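Taking it in order: structure first as C-alpha cells, then the write-up.
Any read-out appearing in this document is the output of simple, stated calculations on the displayed coordinates, not a laboratory observation. All of these numbers come straight from a predicted model, not from anything done at the bench. Virtual Cβ from ideal backbone geometry, glycine too; neighbours counted across all protein chains shown.
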Amino acid sequence: MNRPLRIGTRGSPLALAQARMTADALKAAHGLSDADIEIVPITTTGDIIQDRPLAEVGGKALWTKELDRCLLDGRTDLSVHSMKDVETIRPGALTVAAMLPRADVRDRLIGAESLDALADGARVGTSSPRRAAQVLARRPDLNIVPIRGNVATRLRKLAGGEADATLLAAAGLDRLDEAAGVAIEDMLPAPSQGAVGVEVLTDNAEVRALVVAIDHRPTSLCVRAERRLLERLGGDCRSPIAALATIADGEILLRAEILTNDGRERQAGEILFAVDDGAAPERLAAMLLERASPALRGLFVG
C-alpha cells in the first residue's frame with residue numbers, strides 16, 4: 001500500500017491495547033514499520049452510554065456500528081474487536097479474516113477470595129446476564145447490582161462502594177497489566193471471551209491477504225464453533241449463555257450452558273466433534289433447547 005494501513009478501534013484503554021497487539025502481529029508477519037500502520041480510535045455508542053444495561057439500549061451493535069461505518073466508508077482498512085462484543089450475524093460486506101491467539105478465557109472475582117466467601121446478601125456488580133445468572137445459580141442469596149463501563153471505571157465503582165464484588169474477564173485485566181482478582185475455575189465464560197478478531201471488507205483482497213496471515217487457526221476454529229452455537233440458540237443480550245470450545249488432536253470439545261436470568265434453571269451439555277463438522281454446535285444448541293423448560297426456552301428464539 002502507498003499509505004499507512006489504518007486500524008479502526010474503540011478508544012478504551014483495553015481496545016487500544018488490542019489494536020496495538022494487532023499492529024504488532026501485522027508488523028511481525030509482513031516486516032512493516034511503525035510508519036506503515038496507523039491506529040484510528042473511534043468513539044462508539046456503547047462507550048458513550050454508560051448508565052444503562054447493554055440489552056436496554058441496542059445490544060452488541062453499540063460496540064460495532066461506528067467501526068463498521070468507518071470500514072464501509074473507507075476511513076479505515078480493518079477493525080479490531082473483542083469477539084464477544086460482535087453480533088453473531090454480520091453484514092455480508094464484512095469478514096472477520098483473522099483472530100489473534102486467545103487469552104485467558106476465565107472470569108476473575110474482585111472483592112472476595114471466592115463466591116462462597118461473600119457475606120449473605122452481598123452485592124455483586126455486573127450488567128452481564130450470563131454472569132448474573134451463574135452467580136445466582138451458586139448463591140441465590142446474593143444481590144446483583146448493575147455496573148457498566150471500561151475496566152478502570154468498574155474497578156473505581158467497586159472501590160467507591162457501589163458493590164461488594166464484581167466479575168471481570170481475565171483477558172482484559174491481563175492485557176491492561178491489572179493483577180486484580182481471583183480466577184473462577186468452574187464458571188464457563190461468554191462465547192468468544194478472550195478472543196480478538198480482525199474484520200475487513202470482504203471484497204478488499206489486498207487487506208484481506210495481509211490480515212489472514214496473522215490468523216491463529218485454533219482460536220478461529222474454537223470461536224467460530226461457539227458463535228455457531230450462539231446463532232442456533234438465537235439468544236440476545238438478555239439471554240444468559242455460556243460456552244467454551246477447546247481443540248486437541250483434530251477434535252473440538254464444545255461445552256455450553258443456558259440459564260434463566262435468576263439462575264434457578266440451568267441446562268448444560270457438551271459435544272466432541274471433528275474440526276470440519278460445522279453442524280455439531282447446532283446439534284448441541286438444539287439439545288439444550290429441547291431439555292429446557294418453556295420458561296428457559298422462551299429466552300431464546302432457536
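Worth pointing out:
- Principal-axis tilt of helix 280-291 within the chain, Cα atoms, nearest 10 degrees: 20
- Percentage of interatomic Cα-Cα distances in segment 227-297 larger than 17 Å: 38
- Ranked Cys222, Cys70, criterion: other C-beta atoms within 10 Å, fewest first: Cys70, Cys222
- Its relative contact order, with pairs defined as Cα atoms under 8 Å and 6+ residues apart, puts segment 107-183 at 48 percent.
- Added length on full extension, which subtracts the Cα-Cα distance from 0.36 nm per residue, Ala205 to Glu282: 24.7 nm
- Straight-distance crosslink candidates among aspartates and glutamates, where the alpha carbon sits under 18 Å from Lys27 and sequence neighbours closer than 8 are dropped: Asp36, Glu38, Asp77, Glu199, Glu206, Asp215
- Normalising the average separation of contacting C-alpha pairs (under 8 angstrom, six or more residues apart) by the number of residues puts the relative contact order of the chain at 20 percent.
- On Cα atoms only, tilt of 129-138 relative to the major axis of the chain in degrees: 30
- The simple spin-label model puts a point 7 Å past each Cα toward its Cβ; for Ala183 and Arg20 those points are separated by 2.4 nm.
- Peptide ranges 261-270, 234-243 listed from the most packed, as the mean C-beta count within 10 angstrom indicates: 234-243, 261-270
- With helices as the sole contributors, the chain gives -9500 deg cm²/dmol at 222 nm; each DSSP H run of n ≥ 4 counts as -39500 (n - 2.57), and the sum is divided by every residue.
- Between 0 and 90 degrees, the angle of helix 217-233 with respect to the longest Cα principal axis of the chain falls at about 50 degrees.
- Bridgeable lysines around Lys65 (alpha carbons under 21 Å apart, same-chain partners fewer than 8 residues away excluded): Lys84.
- Extension gain from Asn143 to Arg90, taking 0.36 nm per residue of separation minus the Cα-Cα distance: 15.6 nm
- Value of relative contact order over segment 227-297, rounded to a whole percent, pairs C-alpha under 8 Å and six or more apart: 30
- Full-stretch length increase - Arg217, Val301 - with 0.36 nm per residue and alpha-carbon distance subtracted: 27.2 nm
- Segment 90-163 and segment 279-301 have Cα centres spaced 24 Å apart.
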